[in-house]
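Trainee: Let me give you the structure first, and then I'll get to my questions.
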């Protein structure tokens, strides 16, 4: 039994592909790139893997690489052909440095060699049939990376792609070696249209004092999943204190008492996944969130959590694949109170140690907010008073227009959602956060296949949408200050992820961090 080029017999590849596509649809390009690159590393003939990797590629050259590989694997993929044609004919050839020029010269030489060998193996007649659009199916090549460097000249582009489609496994040993590698890391070029866009020159530091603490992901990713240890970042001093040690994770959130935090930790094993945990800021008394509902139902891939500012409730995103066999992510609400009632006895706690809530005798009922098969639901955000849940839903697979933001009341089961945006896949929203006063929602959004994402504000009733940060490269994970005057976010304008802060009223942007690592991303801000 053979496997089609769009499928894989390896369940690990299928899982990574599914998770990568879900992350791409959710606007989490970093996670999507990590998972999809692993897909094509494990299965270089995975057509869907290369195609979706093109949608989240960081540079135009890498996107061209991925689309070329799609066409090599499946010459009948018309969508990939059209996208590659648009790139080839509309892109302006960038100026290359001497090292880049040498790299391109070597790559062009490899392409010419591949073309000659391919023509010798298959013959001019087979090439002519391919160019004329024959219905016969050409043999699938395993040198998936042979189309990585399509020249800008249209004739050379067509020739290289056509010949590459017929090259066999033994045609070129060097080409086969290159095929086993991931797409090259190309040097991103600044867009001339970006105001204050990608630039190695740092912005000025804030001329005003910022108070409080951030939870941040920090480090240089050593694995393709992109997860990193979490740290406490003191805004007054810039000092960082480890929160999770060497344990990696994401989506860190302060518990409203300011002495504890919740986060999604990466659990390794046969099937690595994220599970939610609560712990004190000093790392003591860690507790799995699932213990509060006795892990019934068992929920996989718990992520994107949000805690109400008043301490009444928590929401997150997860998948129920055991009882309901639903492969898509849904929003769940847990009525967990982090506020101790006055009538309750005050426990004796050792000095400096914060109490962690214990599971009640009767387990809490975790409730699914979004209906089964309602789309890919992500980026859950609970309003400050715990009464409303905002989330992003991609409804492409169920006949919808794509990504949009919806709001539902907490106290109603499968209540009709209220759509706040209606632009479908024209813009992909992510990173939702309610303003401290509950009047507005903050989010990041960008066009599909774009390395640019802006920050937006919209009123809770869907009116008054406005741009907060634009023309600043890819801006992700915006976080409100406790007083609502500022927003901290991460951008890769300098070539690596750094922290920036924008004044909400004026739109002025300042740089917070200049780190030695590749990534620092804020996930929450507390006093």
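Please treat every number below as a calculation from the coordinates, not as lab data. Everything numeric in this text was worked out from a predicted model, so none of it was measured. Note that we place each Cβ from the backbone using ideal geometry, even for glycine, and neighbour counts take in every protein chain shown.
Trainee: If you count, for each residue, the other Cβ atoms within 10 Å and average over each peptide, how do 447-457, 14-24, 236-246 line up from highest to lowest? Write down the numbers at each step before the final one.
Mentor: Details: 447-457: 18.4, 14-24: 21.8, 236-246: 12.8.
Packing proxy ranking, top to bottom: 14-24, 447-457, 236-246.
Trainee: For residue 291 and residue 12, compute 0.36 nm times the residue count separating them, minus their Cα-Cα distance, and round to one decimal in nm. Intermediate values should be presented prior to the final figure.
Mentor: Values: separation 279, 0.36 × 279 = 100.44 nm, distance 2.80 nm.
Taking 0.36 nm per residue and subtracting the Cα distance, the gain is 97.6 nm.
Trainee: Students often check this: by mean Cβ neighbours within 10 Å, which of 428-434, 271-277 ranks highest, and how do the rest follow?
Mentor: Numbers: 428-434: 24.9, 271-277: 19.0.
Ranking, from highest mean packing down: 428-434, 271-277.
Trainee: Moving on. Subtract the Cα-Cα distance of residue 401 and residue 485 from 0.36 nm times their separation in residues, and report this length gain in nm to one decimal.
Mentor: On the way: separation 84, 0.36 × 84 = 30.24 nm, distance 3.42 nm.
Separation in residues times 0.36 nm, less the Cα-Cα distance, equals 26.8 nm.
Trainee: Something else: Could you calculate the contour length gain from residue 505 to residue 284, that is, 0.36 nm times the residue separation minus the distance between their Cα atoms, to one decimal place in nm? Working shown, then result.
Mentor: Details: separation 221, 0.36 × 221 = 79.56 nm, distance 3.92 nm.
Between residue 505 and residue 284, full extension yields 75.6 nm more.
Trainee: Give the span of the range 438-527's Cα atoms along each principal axis, as three whole-Å numbers ordered largest to smallest.
Mentor: Computed over the Cα atoms, the extents are 41, 36, 21 Å.
Trainee: To continue, here is another question. Mind listing the Cα extents of the range 478-526 along all three principal axes, in Å, largest one first?
Mentor: The Cα atoms of the range 478-526 stretch 30, 22, 13 Å along the principal axes, largest first.
Trainee: To the nearest 0.05, what FRET efficiency results for residue 337 and residue 82 with a Förster distance of 51 Å applied to their C-beta separation?
Mentor: On the way: r = 54 Å, r/R0 = 1.05.
Approximately 0.45, to the nearest 0.05.
Trainee: Between residue 471 and residue 220, with labels modelled 7 Å along Cα→Cβ, what's the label distance in nm to one decimal, could you check?
Mentor: Output for this residue pair reads 3.4 nm.
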